[in-house]
Amino acid sequence: MNLYNIKHPEEQVNFAQAVRQGLGKNQGLFFPENIPHFDDIDELLALPLVERSQKILSALISTEMTESQLAQMVKNAFTFPAPVVKVEDNVYALELFHGPTLAFKDFGGRFMAQALATVRGDGKITILTATSGDTGAAVAHAFYGLENIDVVILYPQGKISPLQEKLFCTLGGNIRTVAIKGDFDDCQALVKQAFDDVELRQTIGLNSANSINISRLLAQVCYYFEAMAQLPKEMRNNVVVSVPSGNFGNLTAGLIAKSLGLPIKRFVASTNVNDTVPRYLRSGNWQPNDTVATLSNAMDVSRPNNWPRVEELFKRNGWALSELHSDAVNDSETEQTLKQMYDKGYLCEPHGAVAYRVLKQDLQEGENGLFLCTAHPAKFKESVERILQLELDLPETLAKHAALPLLSDVMENDFATLRAYLLG
C-alpha cells in the first residue's frame, strides 16, 4: 500500500511506515495513493463481518502483510457486533457501541494496536494522542499492557463526561492520562507540536492513535459495509448516511467505503454548534471559532484534523462538495430530539441525537436514512438521565471503572511542560 502526504505529495510511505510514523512532515496526513473498487458488492455483503473485513482491508493494504497475518489482526480486533436497529419507517440506527469501551472508537483503536504490534520493529514506542471523550478509552484499553509501548493521552479538563474520564483514567501501568487546562483543540495542537519536534519524536519513538493514523481510519471503513449488509437489498441503492462529526475521521472512513463501491447515495455531516464545516460548505470561508462545550462533547472540535482527507477524496473522485450536506444542532435541540427518540421507543445519547435530527431534516421522499450511534447512552448517564427523567443501569465495564480512583495528571496548556513530561 503506497500512501502520500497530502501537504507534501513527494513524501511517500508504505502502510507499515504510515502506521509507525502517524503524521508526515509539516503535520501532513497520509492518504492512499490508490483505492480499489469492488464490483462484487452483493457477494461481499453476504459474508460475516470478520471475513468481509479481512477482504476489505486486504484489498486496501495489499501485499504488505500475509493474508494470515491480516486475518488474525482483524479477528483479534473485531470481537463484537455492530447491529442495525430500526427506529422508525425508513430510518435506522447503526449501533457502534457494543465494544469493550462502549464507543465506535473500539473498531479503530483495537485494529491499530494489532497493526502496530505487527509492524513496529525494534525499539520503544510512545503513543501520544488527544481525545474529546471516546478515543481515549478505546486507545487506552487497546494498548493496555502491551510491552514497550507507552501511551500518553491528553484530554480537556472538565470537558468530557465523568464516566468517559473514569473509563480510561483509572488504568495506570503503561497508560498515562493528562488533563489539560484548555479545550480539545488545545490538546490537539499540543500533539501536533510534539510531532513537529524532531528530537522529541526520535528520542521517545513518538506515534499517534488519533484518526490521523491511517490504520484506525481503514478499520472504520468496515462497519459501513456491515451496516449495508444488514439493510434489505431493495433499500441499498437509496441510503443516506448521517455521521455525527467532530474530527471528521468517521466521515472520511464512510467516504472511503463509498469509493470502494459501497452504494451509499450521499452523506450528511452532522455537527453541534462547533460548526466550522457547515459554515464552510455554505460560504466557502474556513473560519474556525473558539470551541464551545456542548452536551455532545466528543464533537466539540472547531479545527477538524481529518477535513483535508475529506476534500482530497472529493477532489480525487470528481465529487462536488455541494453533494455533502451538513448542518449544526444546538443543545436545546439535542435535548428535544432525545425526548422525541425516546417517545418512539429508542434510547439514545447526545451524539446520536444530533445525527438523527439532521438526517430527519435532510431526508428526501423515497430515501432511506441511516444514522450512526457512536456511544452507549450510559457513558452520558448524567445528561441522559436529566433530559429523559429516568435512571440508567451502568454496563459492567463502566460500573467497574466508576468505582476506581482517577490517576490523571493536570497540566497547563504549555508545550514546554508537556515536552518535559514526555521525556521524563
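The values are calculated or read from the model by the stated rules, or taken from the named source; none is laboratory data. Every value quoted in this text rests on a predicted model; they were computed, and no experiment measured them. Cβ sites come from the backbone with ideal geometry, for glycine too, and all protein chains shown count toward neighbours. Ligands, DNA and RNA are stripped out before the accessible areas are found, and what is left, the full protein with its side chains, is counted by its heavy atoms. Shrake-Rupley method; radii C 1.70, N 1.55, O 1.52, S 1.80 Å.
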Can you compute the FRET efficiency between Glu51 and Thr203 using 1/(1 + (r/R0)^6), with r the Cβ-Cβ distance and R0 = 41 Å? Round to the nearest 0.05.
0.45
Counting only Cα atoms, I'd like the Rg/Rh figure for the range 4-150, Kirkwood definition for Rh.
0.98
Give the shape of the chain as rounded, prolate or oblate, defined through the alpha-carbon gyration tensor: a ≥ b ≥ c are the square roots of its eigenvalues, a/c under 1.5 means rounded, and otherwise the shape is prolate if a/b is larger than b/c and oblate if not.
rounded
Run the reach check for Lys159 against lysines, Cα to Cα strictly under 16 Å, same-chain hits fewer than 8 apart removed. What comes back?
Lys181, Lys379, Lys381
Scaled by the rule-of-thumb 2.2 N^0.38 Å, the alpha carbon Rg for the range 287-391 gives a ratio of 1.21
Do me a favour and compute the ellipsoid semi-axes for the range 174-331 from its Cα gyration tensor, root of five times each eigenvalue, largest one first, whole Å.
29, 20, 15
Listed peptides 29-42, 202-215 by packing density, highest first (mean Cβ within 10 Å)
202-215, 29-42
What does the accessible area of Thr79 come to, in Å² to the nearest 10, when a probe of 1.4 Å is used?
90 Å²
Rounded accessible area per residue of the range 77-218, 1.4 Å, Å²:
29 Å²
Projected label distance in nm at Ala320 and Leu407, using a 7 Å step from Cα toward the beta-carbon
5.4 nm
Neighbour net charge for Ala138 - beta-carbon separation under 13 angstrom, K R +1, D E -1
+2
I want the local charge near Asn413. Using Cβ-Cβ distances under 14 Å, sum +1 for each Lys or Arg and -1 for each Asp or Glu among the other residues.
-3
Over what distance in Å are the Cα centres of the range 255-330 and the range 165-200 separated?
25 Å
Charge dipole (debye, nearest 20) of the chain; +1 at Cβ of Lys and Arg, -1 at Cβ of Asp and Glu
420 debye
At 0.36 nm per residue, minus the direct Cα-Cα distance, what do Asp414 and Thr66 gain on full extension? Give it in nm, one decimal, please.
121.0 nm
May I ask you to compute the full-extension gain from Asp122 to Lys233, defined as 0.36 nm times their residue separation minus their alpha-carbon distance, rounded to one decimal in nm?
35.2 nm
Among the lysines, which have Cα under 22 Å from the Cα of Lys55 when same-chain residues fewer than 8 positions away are ignored?
Lys75, Lys105, Lys233, Lys258
The correct ranking of Val19, Val50 by accessible area at 1.4 Å, largest first, is Val50, Val19
Go through Thr129, Thr417, Thr294 and list them by solvent-accessible area, largest first, probe radius 1.4 Å.
Thr417, Thr294, Thr129
As a percent rounded to 5, the proportion of antiparallel DSSP bridges among beta bridges in the chain is 25 percent
Cross-link reach list, lysines versus Lys7, counting only Cα pairs under 21 Å and skipping chain neighbours closer than eight places
Lys25, Lys192, Lys315
Stokes-Einstein D (µm²/s) once Rh is taken as the Kirkwood radius of the range 114-222 over alpha-carbon pairs, at 37 °C in 0.692 mPa s:
231 µm²/s
